[in-house]
1. I'm trying to understand the selection: among the residues of region B:77-107, which are part of a loop (DSSP other than H, G, I, E, B) and of a type outside the set (Asp, Glu)?
2. Could you list all residues from region A:121-139 that are farther than 27 Å from B:Thr117 by Cβ and either in the same structural domain as A:Gln50 (by TED's automatic domain parsing) or in a loop (DSSP other than H, G, I, E, B) (or both)?
3. Can you tell which of A:Ile43, A:Ile57 is facing another protein chain (nearest Cβ under 8 Å), part of a helix (DSSP H, G or I), of a type in the set (A, V, I, L, M, F, W, C) and touching a residue at least 12 places away in the same chain (Cβ under 8 Å)?
4. From the set of residues in region B:9-29 that are at pLDDT 80 or above and surrounded by 20 or more Cβ atoms within 10 Å (Cβ to Cβ), which is farthest from the other protein chains (Cβ to nearest Cβ)?
5. Could you check region A:148-160 and list, in sequence order, the residues that are outside any loop (DSSP other than H, G, I, E, B) and either without any contact (Cβ under 8 Å) to a residue 60 or more places away in the chain or among the aliphatic types (A, V, I, L, M) (or both)?
6. Report yes if A:Thr238 is modelled with pLDDT of 85 or more, away from chain B (no Cβ under 14 Å), surrounded by fewer than 20 Cβ atoms within 10 Å (Cβ to Cβ) and not in a loop (DSSP other than H, G, I, E, B), otherwise no.
7. Here is a list of conditions, (1) more than 15 Å from A:Pro255 (Cα to Cα); (2) more than 14 Å from chain B (Cβ to nearest Cβ), and A:Arg136 meets all of them except one; can you say which number that is?
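The values are calculated or read from the model by the stated rules, or taken from the named source; none is laboratory data. All figures in this text were calculated on a predicted structure; none of them were measured in a lab. Cβ atoms come from the backbone with ideal geometry, glycine included; neighbour counts cover every protein chain shown.
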Amino acid sequence: MWSLLKRYYRPLFVGFLLLAPLGAFLLGGSKGRGPNFIDRAIIAVTSPVQQGLTSAIEGAVAAGQNYLDLRGVRRENDALRLENLQLRAAVQALGESRMENERLRKLLNYAQAEPGPEIPARVVGVNPVAKLLSVRISSGEQQGVFRGMSVVTPDGIVGQVIRATGGYADVALVTDPQSRVAVRVQRSRARGTAAGTGGGPLKLENMLRTEDVEDGDLIITAGTDGIYPPGVVVGRVTNLEKKEHGMFQGADIVPAVDTSKLEEVLVVGSPYSAMAPGGTAEGASK
Amino acid sequence: MKFLVSVALALALLTLESVLVKQAGLELGRVDVTVVLVAFLALRATLMEGAISAFSVGYLLDLMSGQPTWLYTFLAVFIFLVGRLVPTFVEVRGALAFALFSMAADVGHSLLASFFTWLTVKEDGPGSQLAEMPLQVALTGLAALALFPLLRRFEASQERPAGLLR
């Protein structure tokens, strides 16, 4: 037996290198795996390089862009003044609505939801595998970012943290084919699901045919999936398809955030572990 | 030595690619730099050295993907083993032949990756994930052309001159 092993150890070892990952993939690969110490060490080495390269390239591009931007600055300034006036008027109107909302909440004894922490992060790199749309951000466990937290920008939803290590985290984008977000139409409150398609518009699914949806409607998160906070902008409805028969109607959603040009993001919400009874944020890293 | 060079190169190229893809805003088009490295190993490395290096390169790609699944580790070793058979049928010599060989390896890699992803996710047919493949294969071919001199230089630096003591 020993002599047989000694004789064939090369093909046996190569066979193990081939079949062990295949077995691991088939048994549970679709769920991914948590980072081990080798993963953490490699991420700790590569991520600062990614961050340094990103900063260097962005710095060089910004220096060139600054010069070009100065040319059209007067015209842009005038346009911005006008826009500022409009926005101030809108803010005043919103302030009135907010005060009215607070009065009504008090009147109804409505429980105010505690806003969670908002952790800022920079996007330092994009994953090199086209089949999984994810980016790496410059905040991780040390900053309070854990698996399952949601990632947004002031414009709308970006994705979900799928892995966090020391100072970095990986975020699956909302456009990834495996991404699903519980959404509602802001105007009519109709509920559905936004599904990623691997780039470009999202698909609006599970929206009953009888629900009130129109082209151009704003789609926001419903908050019922336990991952994304409610009320975050997802995008606008386009290519609405009202079928004659069947339970559901279909549409595309043009994402509010261009995920291919992300720079800064905010991490919000709770990690997976905090959703389980008695869970702690620290548990998310395990 | 080939192992260390392959892993270091894979790490450097994947890190560089992740930054360049972010800057270029490419959502779908990617360069399969790891396939280029595995193709080179298939042509030039011994069975053990190449298999261990291919395993490590695939592991790195899995790790950089954000949601590691072991799929790319398996595919790297598989492509390495199949690639080793090719020189028995066709002579792969020179940058252009190497680029074509890398492109063929990338086609196989992409088809298998799409099939196995579909096998576990089963959302759309495997064909729907292949739309970006022609661009990806073309970019990988260009990367192979660019990397070939560098890989040859690394290989040459490891070859010891024959002397009286050997």
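1. Residues of region B:77-107 part of a loop (DSSP other than H, G, I, E, B): B:89-94.
Residues satisfying the conditions are B:Phe89, B:Val90, B:Val92, B:Arg93, B:Gly94.
2. Of all residues in region A:121-139, those farther than 27 Å from B:Thr117 by Cβ come to A:121-122, A:138-139.
Correct list: A:Ser138, A:Ser139.
3. Values: A:Ile57 fails: touching a residue at least 12 places away in the same chain (Cβ under 8 Å).
Unique residue meeting the criteria: A:Ile43.
4. B:Leu9
5. If the condition is that a residue be outside any loop (DSSP other than H, G, I, E, B) and either without any contact (Cβ under 8 Å) to a residue 60 or more places away in the chain or among the aliphatic types (A, V, I, L, M) (or both), then A:Val151, A:Val152, A:Ile157, A:Val158 are the ones that fit.
6. Details: modelled with pLDDT of 85 or more: yes; away from chain B (no Cβ under 14 Å): yes; surrounded by fewer than 20 Cβ atoms within 10 Å (Cβ to Cβ): yes; not in a loop (DSSP other than H, G, I, E, B): yes.
Yes, satisfied.
7. Of everything listed in (1) more than 15 Å from A:Pro255 (Cα to Cα); (2) more than 14 Å from chain B (Cβ to nearest Cβ), A:Arg136 misses just condition (2).
Yes or no, residue by residue, for (1) more than 7 Å from chain B (Cβ to nearest Cβ); (2) of a type in the set (S, T, N, Q); (3) within 29 Å of the chain's Cα centre (by Cα); (4) farther than 30 Å from B:Gln23 by Cα:
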| position | (1), (2), (3), (4) |
| --- | --- |
| A:Pro11 | yes, no, no, yes |
| A:Phe16 | yes, no, no, yes |
| A:Leu19 | yes, no, no, yes |
| A:Gly28 | yes, no, yes, yes |
| A:Pro35 | yes, no, yes, no |
| A:Ile38 | yes, no, yes, no |
| A:Ser47 | yes, yes, yes, no |
| A:Gly52 | yes, no, yes, no |
